[in-house]
Each structure stands twice: as structure tokens, then as C-alpha cells.
Amino acid sequence: MNEPKFIEHSDFVVREPGEMVERSDAFLDLMKRRRSVREFSDRPVPREVIENAILTAGRAPSGANKQPWHFAAISNPTLKKRVRDQVEEEERAFYGGKASDDWLEDLVPFGTNEHKPFLEIAPWLIAVFKQAYELDPETGEKAKNYYVPESAGLAAGFLIAALHNAGLATLTHTPSPMGFLNKVCGRPKNEHATMLVVAGYPADKVVVPDIDKKPLEDFSSWL
Ligand code: IYR
């Protein structure tokens, strides 16, 4: 067994309660402006912004710090078209009979359908993969990961917040099934795509569904 090794957490900034309230208000304001959009502009977005957002995602906590995730950032038009073609094939099946009536009813407010032009228009598609286990590409040796869906979900949340903070609109897109993303992105068999985060400027005069979030009392309890 290795001995644990600790270092001082000198990056931690101690803030007084008043400043904390102010900062938490400001962050809430920022996040209140986050909306999923389904119409994007083709205006380019520097790769550095996406790199920073992925680096931010990589700061998420994870089970035993295994960081069981991989982010494939796609900007290549040929690959984006492949993604769109595959997604639309799955979605045609979904909207054409696979989805239950209840599900389709729940989607009415979003006006979604099988057409996904934004997958080619938006400058970046980020495929988020979770790693069910660790796989050494050279030896084929396997090692355990822990709390994989939770860890990858946390990282995806960090990613979306970072993209929004940078000034980008996003869509958390979940084509189902999305096994094809392993092939398109050249990812190994220990990885499973969990979502596709579409990122870019929103289209001019974009509209979003007239929906709201629950009030605090509906989703919290204080004991
Ligand atoms: N994947 C489909 C359907 C869909 C499902 C849910 I749950 C959503 O929140 C939105 C869409 C599509 O992208 O159209």
C-alpha cells in the first residue's frame, strides 16, 4: 500500500459572509441566463474557449479521482455531418414510433423533431464519454472506476457552466442510442457516450421555449 501524501490547500480563498452572498447572487444571475437553444449561428468560436471549458470539466470531483471521462471536441465539418446523419437516423425512429405517446407529449413544449441541422451549423460538438472501467490501450489491462455516471455527470455540468460563462449557448443533446459516437470519435470499448453538448453562438433572434424552473421550495427541504 502507498502512503497518502498531503499538501497545503493554499488556493482556498476565505471570504466573509457578505461577499459570499454577493458572489452567490452573481453566479445565480449568470446561471439564470443559461438556456438550451436549438438554433445556432455558424460564427466560429476559438478552440481555446472549448479547451478551457473542457479543462474546467476536468476539474470536477470524481470517484477516487479516477476522472472516468473523455471529451471529444468535434469541429471538422465532415465529422459533424456524419454525426448529424447518424443522429437523424436514430431520431427518425424515435419520432416515427419508438417513443411512447407520453414521451412525445412531454416534448411538445420544446418543438423538437427528427431534424437536427444545428449539428452541422454549430461550430463545436462535444461528445461526453464515461469510462465504465480504465483500459490500458497498450496492454489491454483493466482497472476499476467508481461512481462513473455521477462523475461524468458532474464533469458535464462543469462543462456546460464553463461554456455558458464564456458566452456560448449550448444544447445538451441526447440522441438515443448513441453508440455510433464511439466510431465517429474513434473511442475505445470501455467508453460510452452520455451526451452531445452542442456549443456556439445562438442564431440571430433565437427563440426558446416559454418554460420556467421550479421555485426553491419545490425542490429543496431545510431540516
Ligand atoms: N433525443 C430526441 C428527443 C428528446 C428527448 C428529451 I428527454 C429531450 O429533453 C429533448 C429531446 C431529440 O433530441 O429530439
Can you report the number of residues in segment 81-139 which are more than 10 Å from the ligand (Cβ to nearest atom), in a loop (DSSP other than H, G, I, E, B) and open to solvent by 70 Å² or more (accessible area, probe 1.4 Å)?
3
For segment 44-88, enumerate the residues that are under 14 Å from Lys130 (Cβ atoms) and among the small types (Gly, Ala, Ser).
Ala57, Gly58, Ala60, Ser62, Gly63, Ala72
Going through Gly63, Gly58 one at a time, which residue ends up being in contact (Cβ under 8 Å) with a residue 12 or more places away in the chain and in contact with a Ser or Thr (Cβ under 6 Å, 6 or more places away or on another chain)?
Gly63
Limited to segment 20-54, what total is found for residues that are in contact (Cβ under 8 Å) with a residue 24 or more places away in the chain, hydrophobic (A, V, I, L, M, F, W, C) and open to solvent by 60 Å² or more (accessible area, probe 1.4 Å)?
0
Within segment 170-184, can you find the residues that are more than 16 Å from the ligand (Cβ to nearest atom), surrounded by 16 or more Cβ atoms within 10 Å (Cβ to Cβ) and not β-branched (Val, Ile, Thr)?
Asn182
Top-ranked residue in segment 185-206 [being over 21 Å from Asn76 (Cβ atoms) and touching a residue at least 24 places away in the same chain (Cβ under 8 Å); ranked as least open to solvent (accessible area, probe 1.4 Å)]:
Asn190
Flag if Thr56 is assigned to a helix (DSSP H, G or I), over 20 Å from the mean Cα position of the chain (by Cα), of a type in the set (Ser, Thr, Tyr) and more than 16 Å from the ligand (Cβ to nearest atom):
no
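The values are calculated or read from the model by the stated rules, or taken from the named source; none is laboratory data. The structure displayed is predicted, hence computed values, not measured ones. Heads up, the Cβs are rebuilt from the backbone with ideal geometry, glycines too, and the neighbour counts pull from every protein chain shown. When the accessible area is computed, the model is the full protein with side chains, heavy atoms only, and any ligands, DNA or RNA have been set aside. Shrake-Rupley method; radii C 1.70, N 1.55, O 1.52, S 1.80 Å.
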